[in-house]
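All remarks here apply to the structure that follows.
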Amino acid sequence: MIFESRIRTLAPDLVLRPVTEDDAEAMARAYRREREHLRPWEPVRGEAFFTAEGQAARLRDLMELRAAGRSMPWVLAEDGGTGPGSGEIVGVVNLNNIVHGAWRSANLGYWVAAARTGRGLASAAVEAVCRDADEHLGLHRVEAGTVLANAASQRVLARCGFERIGVAPAYLHINGAWQDHVLFQRILNDRPPAPAA
């Protein structure tokens, strides 16, 4: 099942669109540019991650997960970047670990470039992704986690209707250490899942 999402305009010069393999070079540039900004919130990355080749391999893996219905990756692209591989990438939003059946849930991850924070773009992107998760993927719930110190991301989630559900000790290996995370969830709807075949 390949999930197709439409392009959404989030600001006059910014769109949210599905990532493609053609985005490898732009993704590498974005991750190099935002390396220090993202360091406190991301796993330690090897040098290959910051190259076009490394991103091409990563994007191939993401496209396989997308084709299997297990992931849906988007980018925030500026300068009219509505086509595959076009526009500078200034953010990423992913729905990962998509599970159907009785669970109907996914994990949300996102980031916005340092120069673009504080403008409501993360909130707009999260809202658009949650709408797609509900209307197109038929999910019931989206979960997100932040390291304890990431107050800005916690505010985004609260603004977008996520509720805090607890703290998970040593949840993810972030910035070189196992980090506790605050967990949030957003219930998208109360529809029952389709009966199993």
*What is the residue count in region 172-188 for residues that are open to solvent by 50 Å² or more (accessible area, probe 1.4 Å) and either out of contact with any strand residue (DSSP E or B) (no Cβ under 9 Å at 6 or more places or on another chain) or farther than 17 Å from residue 110 by Cα (or both)?*
4
*Among the residues listed as 150, 94, the single one being within 28 Å of residue 194 (Cα to Cα) and in contact with a helix residue (DSSP H, G or I) (Cβ under 9 Å, 6 or more places away or on another chain)*: 94
_Just to verify a result, which residue in region 110-143, among those that are at pLDDT 95 or above and of a type in the set (Val, Ile, Thr), is farthest from residue 13 (Cα to Cα)?_
142
*Of the residues that make up region 88-96, is at least one modelled with pLDDT under 95 and either over 16 Å from the mean Cα position of the chain (by Cα) or open to solvent by 10 Å² or more (accessible area, probe 1.4 Å) (or both)?*
yes
*Determine whether region 50-66 contains at least one residue that is open to solvent by less than 20 Å² (accessible area, probe 1.4 Å), outside any helix (DSSP H, G or I), free of Cβ contacts under 8 Å to residues at least 60 places away in the same chain and within 30 Å of residue 140 (Cβ to Cβ).*
no
_Output for region 9-49, where each listed residue is among the charged types (D, E, K, R), in contact with a strand residue (DSSP E or B) (Cβ under 8 Å, 6 or more places away or on another chain) and assigned to a loop (DSSP other than H, G, I, E, B)_ = 13, 34, 42
*With the checklist (1) open to solvent by 40 Å² or more (accessible area, probe 1.4 Å); (2) under 16 Å from residue 106 (Cα atoms); (3) within 16 Å of the chain's Cα centre (by Cα); (4) not polar (S, T, N, Q) in hand, flag the one item residue 133 doesn't pass.*
(1)
*If we keep just the residues of region 113-127 that are over 13 Å from residue 156 (Cα atoms) and of a type in the set (A, V, I, L, M), which is least open to solvent (accessible area, probe 1.4 Å)?*
113
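The values are calculated or read from the model by the stated rules, or taken from the named source; none is laboratory data. This is a predicted model, so every value here is computed, not measured. Neighbour counts run over all protein chains shown; Cβ positions are idealised from the backbone, glycine included. Note: areas computed on protein heavy atoms with side chains; ligands, DNA, RNA excluded. Shrake-Rupley method; radii C 1.70, N 1.55, O 1.52, S 1.80 Å.
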